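What follows is a short report on a single structure.
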Amino acid sequence: MGRGRVQLKQIENKISRQVTFSKRRTGLRKKAHEISVLCDAQVALIVFNAKGKLFDYSSESSMENVLERYERHAHIGQLVEDGDESQGNWSLQCFKLTGKVEVLEKNLRNFVGQDLDPLSLRELQSLEHQLDTAIKRIRTRKNQVMNESISDLQKKAKQLQEQNGTLTKKIKDKGKAVAERSQCPPQLQLHHRLVPSLTPAQNSGGVEEVDEGGTVPSTTTLIPPWMLHQFAR
């Protein structure tokens, strides 16, 4: 016996409804892929389940390319008929932004490990590849930042060592100068010993002989003796 025609009505059992949805969605994706390959057509498939989850398929590398083409064709007639170009542009932009937000939200949930059940094997492999690429880039950037930090620290350490060496040299030079000032050199000590020894001889009031028959008066005598002898004559 042939299979009977299935009556199209909502399935009451939730489990059976979910199973049927998964099977029909997989078949729909398969048919969309086949028509895109066999007929060289651009196909975009967008499905929301009862809970609002998005399931999409695009024959192009990006769903946005197909959606933008659809938007241009879908709204050209409306813009011409209404004659309200500004209103049509607003509607077009709103529709485009809404679609982009939904796609981004879906991708974000997938990147954090949520809503993975509806994804096919191909989609999971693509997601895994994207995450691996992102991790490699993050590690590369992390290593670069660490190397830059280490290089900066090494430069700062070298500068501190140079400053420390300069300060140490200044301290040694200053200490050496203080030590030299505290200890008088031998030449200056001999000079100090000779100068005071001449002072008592000059202040003693005596007369030193400088040649035969002549005398030199002391520094304390106002009139030489030989002058007094002449005055006495």
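The values are calculated or read from the model by the stated rules, or taken from the named source; none is laboratory data. On a predicted model such as this, the values are computed, not experimentally measured, just so you know. Note that we place each Cβ from the backbone using ideal geometry, even for glycine, and neighbour counts take in every protein chain shown. We work out accessible area using only protein heavy atoms, side chains counted, and drop any ligands, DNA or RNA first. Shrake-Rupley method; radii C 1.70, N 1.55, O 1.52, S 1.80 Å.
Just a few scattered comments:
- Enumeration of residues in region 106-144 that are in contact (Cβ under 8 Å) with a residue 40 or more places away in the chain and either assigned to a helix (DSSP H, G or I) or over 26 Å from LEU67 (Cα atoms) (or both): LYS106
- Tally of residues being under 25 Å from LYS23 (Cα atoms) and open to solvent by 90 Å² or more (accessible area, probe 1.4 Å) across region 112-137: 6
- Tabulated pairs, region 35-46, first more than 15 Å from LEU67 (Cα to Cα) and open to solvent by 90 Å² or more (accessible area, probe 1.4 Å), second at pLDDT below 85 and not hydrophobic (A, V, I, L, M, F, W, C), C-beta under 9 angstrom, 6+ apart or interchain: VAL37/SER59
- Every residue from region 97-133 that is of a type in the set (Ser, Thr, Tyr) and either under 19 Å from ASN49 (Cα atoms) or touching a His at 6+ places or on another chain (Cβ under 7 Å) (or both): THR98, SER120
- The set of residues in region 48-73 that are surrounded by fewer than 16 Cβ atoms within 10 Å (Cβ to Cβ), part of a loop (DSSP other than H, G, I, E, B) and touching a residue at least 12 places away in the same chain (Cβ under 8 Å) comprises ASN49, ALA50, LYS53, GLU60.
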